[in-house]
Amino acid sequence: MISILLATYNWPQALKLCLESLATQTDSDFEIIIADDGSTESTKQIIDTFKASHAMSITHLWQEDQGFRKTKILNQAIAASQGDYLVFLDGDCIVQPDFVERHRELAQKGYLVTGSRVLLNEKLTQDLLTWPAWDFKRFNSKLLGERLSGGINKYLPLVIKFGDGGWRDYKKFVWRRIKGCNMACWKADAQAIDGFDETMTGWGHEDADFIFRLQRHHIKRKSGSWATEVLHLFHKIHDQSNAAENAQRVREKILAKAM
C-alpha cells in the first residue's frame, strides 16, 4: 500500500480541492496521513466533512502552531503510516487522476522519486477555489487556453506521459527540481536516515536535505517529470528568513561528504 503524507497549514479551501482530487484516483490502494503544522479549527472541519462523505482511509495528525515545523509533523506522519511506500504531497497541490498510479509505476527498490509541478497563476487559482468541487475534466477541457493566457506555466507534461526508464536517473545529487510538495521514497529508507532533520525550522530546503541524506545512504534518485505533475495553487511567498541558513547547512553536508 502507498501512504500519501499530505502536509497542510491553514488553507482549508486548497486542502479541500486536494482531497477531492485524491478521491478521483484510478489507483485507490492508498491511505492519506494529513500532517498538519498547527492549522485552526476550520481545517479540521474540512477534513471531518470529507471523511464523512468518503470511504477513504484518512488520519489527521496535528501539532501546535509554533512556527514552521514541517519536518517534525512529517516525521510523525512517517511513523504513523501503514504503507511501505511514501508519497509526499502538499495541501496546496491538486493531483491528476493517475497521480498514485504513476507514482506506483515509478517506484523501485533503491530509488527515490522527485516529482514535478505545474504552477497556476492567481486568477486561475481563485477561480478554482470557487468551484463547488474539483472537476478534472472541466479543468482539462480548457488546458491549452489556460497555457496561452498564462494561467498555467506548462502544458505538454499534462497531456504527454512517459513511463519508467534509465533516462530518469540522476547520477549525483543536484538541487534542480527538488520539490517537497511531490516526492516519494520507501518507508524503510526514510526510517533508515531518521526522517527529516527536525533542527531545520522555518521554510526552505528541508526537502533537499532529506534527499541528500537518502542519496548519501546509497539511494538513487529518479525524475518523476512527465508523469506525476501536480497543479500548484498560487499563494504569496512564505517567510524565507531561514531559507539561506537551511541551504548553507545542506551545502556544508555536501562539502563534508566530498572531502
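Numbers for the structure displayed
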item: Shape category assigned to region 149-239 from the gyration tensor of Cα positions, a/c cut at 1.5; result: oblate
item: Neighbour net charge for Gly110 - beta-carbon separation under 12 angstrom, K R +1, D E -1; result: +2
item: Dipole magnitude of region 1-115, debye to nearest 20 (Cβ charges: Lys/Arg +1, Asp/Glu -1, about Cα centre); result: 180 debye
item: Apportionment of accessible area to carbon and sulfur, region 73-142, percent (1.4 Å); result: 48 percent
item: Residues Asp169 and Asp65, FRET efficiency given R0 of 30 Å [Cβ-Cβ distance, rounded to 0.05]; result: 0.15
item: Region 88-141 - Rg and Dmax from Cα coordinates, angstrom; result: 13.8, 42
item: Viscosity 0.692 mPa s, temperature 37 °C, Stokes-Einstein D of region 1-97 from Kirkwood C-alpha radius, µm²/s; result: 248 µm²/s
item: Cα shape, the chain, gyration tensor, a/c 1.5 rule; result: rounded
item: Accessible area per residue, Å², region 33-183 with all protein chains present, probe 1.4 Å; result: 49 Å²
item: Heavy-atom accessible area ranking, 1.4 Å probe, most first, across Lys109, Lys171, Lys70, Lys44; result: Lys171, Lys109, Lys44, Lys70
item: Anisotropy class of region 197-239 from Cα gyration tensor, a/c 1.5 cut; result: oblate
item: Under 5 Å, built H, 5+ apart or other chain: amide partners of Leu112; result: Lys220, Arg221, Lys222
item: Residue-averaged [θ]222 nm for the chain, counting only DSSP H segments that reach four residues, each worth -39500 (n - 2.57); result: -11000 deg cm²/dmol
item: Surface/4 of the Cα convex hull for region 89-241, nm²; result: 10.0 nm²
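The values are calculated or read from the model by the stated rules, or taken from the named source; none is laboratory data. Just so it is clear, the structure is predicted and the values come from calculations on it, not from any experiment. Don't worry about glycine lacking a Cβ; one is built from the backbone with ideal geometry, like all the others, and counts go over all protein chains shown. To get the accessible areas, we keep the full protein, side chains included, count just its heavy atoms, and leave off ligands, DNA and RNA. Shrake-Rupley method; radii C 1.70, N 1.55, O 1.52, S 1.80 Å.
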